[in-house]
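Beneath this line is the structure, given in structure tokens, with notes to follow.
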Amino acid sequence: MTSTAINASLEVVPPSSAGLDARALDNLKSWIERDVEAGRTHGAIVLVARRGKVALFESIGSSDVKKDRAARPDDLYCTMSLGKSLTAAAVLALIDRGLLTFDSRIAEFLPEFGTRGKDKVTVYHLLTHSGGVYSGWLAPGRSTMDSPKDIDLWPYVEKVCAQSLEFRPGGRVYYSPFAGYYLLGAVIEKVVGKRFRDALKELVLDPVGLVDTTCGLPVDEPRRVPLRMAERTAGVINMDMQERLNTILDETVDSPAGLLFTSAADMYRFTEALRLRGQATNRRLFSKAIAEYAYRVHTGDKSNEFWDFNKEMAGIAEFPANFSLGGGYSRGVGHYLNPCGLTASPNSFSGLGSGSTHVMFDPDRELTLVFLSGGLYVGLAHIQRCQILSDLALAAVID
């Protein structure tokens, strides 16, 4: 079931040389294998590194069960909402250059947005899902997705600008799957003066040296991993819509809220740049000062109300949202569900995508984890899985 995946551009070293325990890494790999055997996912790529040394890089199971295609180290996975971490990095880079501030109002750049009570929504609000903007998955007024334009940046933004707020900015936290980060993508376009994909390349992809990460991808690209549901329990996720993306998410789509495509090697390089507080492969992504401010908890003890139904259905105890400004979650302090892992240090960070993707870095333990899977697992079950994977990776740290 398992094959060793060695990317030519990433040297894999013995675990001990990275300060990691080989048996603990085997436990992590075995856990994912059992997850595949139980049908909770179809396959995955997992990578663990410490102090910039990759000690585990494995492909497990299948990347397309319908075609009996084995997972490969160079597979291209849809990021799902993990793509928000890339968009957030672009926003942070602009703030670091003085071209934007956390308190900049969205209506300064998108005057059409500043109607129906939305004029006070800021960049900070959107980064922390506390702006009260539209919280639906499909574009307002849509009941299905029929073409790429239904998920492309500007057609979506135009519909969101016509909506009223769902709550007062800053008063609550409610995850916005698309609208908040689509608005941030539109702001990035206005500030840089380029299409979002070109601005992202300039601000993030090129500095970090990401060669496989793109906005959209041809539907017939042979390295593309299709979105398949591995678990179909009803929940807050529209499962049919997830698989519909296989036919309409093509190379024309710009989706700042996710739905980019990437490889495990690219996600390792990106997460390493975050762990190193903005120090990237080719040039600095943003300053250490911005990184230390952004990648910590910014939503206090507020919960993410998006999960209220799922928590009750699954019998999961209340837990704080712990949104950072980096397009994902910080660990914080306390015993509660968190994708960084219960044993992670307080300023650890996790970016993740619906049912399938997860990255984590722990700055104190100097550890980086990447998990990209084929076979989506809905709702909070994926966050529970990410917590376990993070803790298993952290258990490998020796010193």
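The values are calculated or read from the model by the stated rules, or taken from the named source; none is laboratory data. No experiment lies behind these values; they were computed from the predicted model shown. No Cβ is skipped: glycine too gets one built from the backbone with ideal geometry, and neighbour counts run over all protein chains shown. With ligands, DNA and RNA removed, areas are computed over all heavy atoms of the protein, side chains included. Shrake-Rupley method; radii C 1.70, N 1.55, O 1.52, S 1.80 Å.
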For segment 150-205, with all protein chains present and a 1.4 Å probe, just round the carbon and sulfur fraction of the accessible area to a whole percent.
46 percent
Could you work out the relative contact order of the chain? I mean the mean sequence separation of Cα pairs under 8 Å and 6+ apart, divided by the number of residues, in percent.
22 percent
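Per residue, how large is the accessible surface of segment 168-227? Use a 1.4 angstrom probe and give square angstrom.
Normalised by residue count, the accessible surface of segment 168-227 is 35 Å².
On the accessible surface of segment 27-125, probed at 1.4 Å, how many percent belong to carbon and sulfur atoms? Kindly include the intermediate steps, with their values, before the conclusion.
Numbers: 1660 of 3650 Å².
The nonpolar share, carbon plus sulfur, comes to 46 percent.
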Return the sequence-ordered ³J(HN,Hα) values of segment 362-376 in whole Hz as given by the Karplus equation 6.51 cos²θ - 1.76 cosθ + 1.60 applied to θ = phi - 60°, using x for Gly and Pro.
10, x, 6, 8, 6, 10, 10, 10, 10, 9, 10, 10, x, x, 7
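Could you sort out which of K29/K201; K159/K194; K149/K190; K29/K302; K66/K201; K120/K159 sit more than 26 Å apart by Cα distance in this structure?
Values: K29/K201 33 Å; K159/K194 21 Å; K149/K190 20 Å; K29/K302 34 Å; K66/K201 33 Å; K120/K159 19 Å.
Going by Cα-Cα distance, K29/K201; K29/K302; K66/K201 fall outside the 26 Å limit.
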Using Cα springs under 10 Å in a Gaussian network model of the chain, which residue among A71, A381, A89 shows the largest mean-square fluctuation?
A381
Whole-Hz Karplus couplings 3J(HN,Hα) for segment 47-64, θ = phi - 60° and coefficients 6.51, -1.76, 1.60, Gly and Pro as x, run 9, 10, 9, 9, 6, x, 10, 7, 10, 9, 8, 10, 9, 10, x, 10, 9, 7
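Counting only DSSP beta bridges with both residues in the chain, tell me the antiparallel percent, nearest 5.
On the way: 42 of 45 bridges.
Counting DSSP beta bridges with both partners in the chain, the antiparallel share is about 95 percent.
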At R0 = 22 Å, how high is the FRET efficiency between T144 and V219 if r is their beta carbon distance? Nearest 0.05 is fine.
0.80
Considering only the other residues whose Cβ falls under 15 Å of the Cβ of L10, what net charge follows from Lys and Arg at +1 and Asp and Glu at -1?
-2
Sequence-distant residues sharing a close amide H with A280 (under 5 Å, placed H)
L285
The summed charge of the C340 Cβ neighbourhood (under 14 Å; Lys/Arg +1, Asp/Glu -1) stands at +2
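Keeping all protein chains in place, calculate the accessible area per residue for segment 248-380 (probe 1.4 angstrom), answer in Å².
Values: 4070 Å² over 133 residues.
Per-residue accessible area for segment 248-380 comes out at 31 Å².
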So for the pair D26, E292, with labels modelled 7 Å out along Cα→Cβ, what separation do we get in nm?
4.1 nm
From the phi of every residue in segment 19-28, what ³J(HN,Hα) in whole Hz does the Karplus formula 6.51 cos²θ - 1.76 cosθ + 1.60 yield, where θ is phi - 60° and glycine or proline is x?
x, 10, 8, 5, 5, 5, 5, 4, 4, 4
Given the whole protein assembly as supplied and a 1.4 Å probe, what does the accessible area of W31 come to in Å², nearest 10?
50 Å²
Could you give the length gained by full extension between S164 and T252, i.e. 0.36 nm per residue of separation minus their alpha carbon distance, to one decimal place?
28.8 nm
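Placing +1 at every Lys and Arg Cβ and -1 at every Asp and Glu Cβ, with all other atoms neutral, what dipole size does the chain have around its Cα centre, in debye to the nearest 20? Intermediate values should be presented prior to the final figure.
Working: 44 positive and 47 negative charges, 113 e Å.
The calculated dipole for the chain is roughly 540 debye.
Convex hull over the alpha-carbon atoms of segment 164-232: what's its volume per residue in Å³?
191 Å³
Using a probe of 1.4 angstrom, how much of the accessible area of segment 248-385 is carbon and sulfur, in percent? Working shown, then result.
Details: 2090 of 4200 Å².
Within segment 248-385, the accessible surface is 50 percent carbon and sulfur.
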Over segment 1-150, calculate the relative contact order: mean separation of alpha carbon pairs under 8 Å at least 6 apart, over the residue count, as a percent.
16 percent
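How much accessible area per residue does segment 1-103 have, in Å², with a 1.4 Å probe? Intermediate results must be reported in sequence, preceding the final value.
Working: 4160 Å² over 103 residues.
That works out to 40 Å² for each residue.
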